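What follows is a single structure, written as structure tokens, with notes after it.
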Amino acid sequence: MDSVLSIRGLSKTYKSGTVALKPVDLEIRRGEIFALLGPNGAGKTTLISIVCGLVNPSGGTVTIDGHDIVRDYRAARTKIGLVPQELHTDAFEPVWSTVSFSRGLFGRPGDDAYIEKVLRDLSLWDKRRTIMKELSGGMKRRVMIAKALAHEPEILFLDEPTAGVDVELRRDMWNLVRQLRERGVTIILTTHYIEEAEEMADRVGVINKGELILVEEKDALMRKLGKKELTLQLAEPLAAVPPELADWNLTLNGDGTELHYVFDPKGERTGIPSLLTAMRDSGIQFKDLNTHQSSLEEIFVSLVSDRRLGEARS
């Protein structure tokens, strides 16, 4: 799959000396959904703002479908749609006008049918004549998305698009993302709702303290770093893990009623059958068992925590 966005050595240091973004190299594939994850202040918005031409980089280059964002700004910017975190709208304009105006800003000819489709997809059609200042926060967020889509961009940046919005908008938003992806639009999103990235993304990037610490196929990442945990609810509590079960490195919860076993789901032999046999031979009975697979959120927290621990030791 060819690259639609190429980032090479991109960095940002402010006059105060604050390093917001360390040199980043990243290739975004045409038509993929790429999720950029990181804690607050990690550099997600700085990276997106530079690519979209809102912040000047300190170093590095960005090309969008072959167009350099500095030397060929107009052509590069026309290919991008951005839904920022902050709400910026024309308070006294009706919805239809503000969305149509955004299309015209990029030199696109008027297309009432397309604008109508975008507004209907975002449940805004009934509000098309409403003045912006009269809309709720959630409706204004919908308008921001409509404005970003008005000029039919090939790449759509979603910077925390569903933060603080209602469930209905979140559902509409992700339905629209799926439709856009089917039409070949490349989606790059940041989100605090990691379950959304887990459901939607093809690849995941993790950024922390301005450094891109990992880029991985989502499924491969979860196979590589995800762990499974077996929990056994015991029929009778134990005071300690018996010596005959020491080979499985089990842990016992506080009241002695549950045994926990963490194992590698990739392994050919997890040891579970032999563990259950050893428990039976030791007279330890259990009432129930269940397994838990690490979520993307747990993997993300683990990655960031491990990086912080490494920095502290160094």
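Measure of size requested: the Rg and Dmax of the chain, with Cα atoms as the atom set and Å as the unit; please supply both.
Taking only Cα atoms of the chain, I get Rg and Dmax of 24.7, 78 Å.
In sequence order, what are the phi-derived ³J(HN,Hα) couplings for region 144-151 according to the Karplus relation 6.51 cos²θ - 1.76 cosθ + 1.60 with θ = phi - 60°, rounded to whole Hz, with x for glycine and proline?
Listing the rounded values in order: 4, 5, 4, 4, 5, 8, 4, 9 Hz.
Please compute the contact order of the chain in relative form: average sequence separation of alpha-carbon pairs under 8 Å and at least six residues apart, divided by the residue count, as a percent.
19 percent
When the distances between all Cα atoms of region 227-293 are binned every 5 Å from zero, what whole-number percent does each bin get?
4, 17, 31, 29, 13, 5, 1
Identify the trypsin sites (Lys or Arg not before Pro) of region 64-96 meeting these criteria: DSSP loop state and at most 11 other C-beta atoms within 10 Å of the C-beta.
Working: sites: ARG71, ARG74, ARG77, LYS79; in loops: ARG71, LYS79.
Here the trypsin sites (Lys or Arg not before Pro) that fit, given the DSSP loop and packing criteria, are ARG71.
In terms of Cα to Cα distance under 18 Å, which aspartates and glutamates are near enough to LYS127, apart from those fewer than 8 places away along the same chain?
Output for LYS127: ASP90, GLU93, ASP112, GLU116, ASP166, GLU168, ASP172.
Tally the DSSP beta bridges in the chain and give the antiparallel ones as a percent, rounded to 5.
70 percent
What lysines does LYS218 reach when the alpha-carbon gap must be under 19 Å and sequence neighbours fewer than 8 apart in one chain are set aside?
Reachable lysines: LYS44, LYS227, LYS228, LYS266.
A short reminder: the numbers here are calculations on the coordinates, not readings from a lab. Small disclaimer: the values here were computed from a predicted structure and weren't measured. Don't worry about glycine lacking a Cβ; one is built from the backbone with ideal geometry, like all the others, and counts go over all protein chains shown.
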